[in-house]
């Protein structure tokens, strides 16, 4: 696996054409258009791009899928400030009946 070069404003690797860029609201990754990620999620997305870009899509019985599935799950986890909660699709929605804390 090739390394990922990470700076304060970008992420790249020679193993993939995909890149990540810091924006005023977070990070964007070229293979996830329209998504804004936090820095850790951007690193995870770049790790997936490097793994698939360097090896191609692994066979169904390849043990790397255990890691790829876990990494992909991290990309769809979102923390929302209280009194909001994450809803499928990543939107933060207000929890009924809860006051801000």
Could you list all residues from segment 25-40 that are part of a loop (DSSP other than H, G, I, E, B) and either in contact with a strand residue (DSSP E or B) (Cβ under 8 Å, 6 or more places away or on another chain) or at pLDDT 90 or above (or both)?
-> 30, 31, 35, 36, 38
Scan segment 60-69 for residues that are part of a loop (DSSP other than H, G, I, E, B) and either loosely packed, with under 10 Cβ neighbours inside 10 Å or at pLDDT below 70 (or both) and jot them down.
-> 60, 61, 63
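Right, residue 26: surrounded by fewer than 18 Cβ atoms within 10 Å (Cβ to Cβ) and either in contact with a helix residue (DSSP H, G or I) (Cβ under 9 Å, 6 or more places away or on another chain) or more than 17 Å from residue 70 (Cβ to Cβ) (or both) or not?
Values: surrounded by fewer than 18 Cβ atoms within 10 Å (Cβ to Cβ): yes; either in contact with a helix residue (DSSP H, G or I) (Cβ under 9 Å, 6 or more places away or on another chain) or more than 17 Å from residue 70 (Cβ to Cβ) (or both): yes.
So residue 26 passes the test.
The values are calculated or read from the model by the stated rules, or taken from the named source; none is laboratory data. In this text, all values refer to a predicted model and were calculated from it rather than measured experimentally. Because the Cβ atoms are built from the backbone with ideal geometry, glycine has one as well, and the counts that use them run over all protein chains shown.
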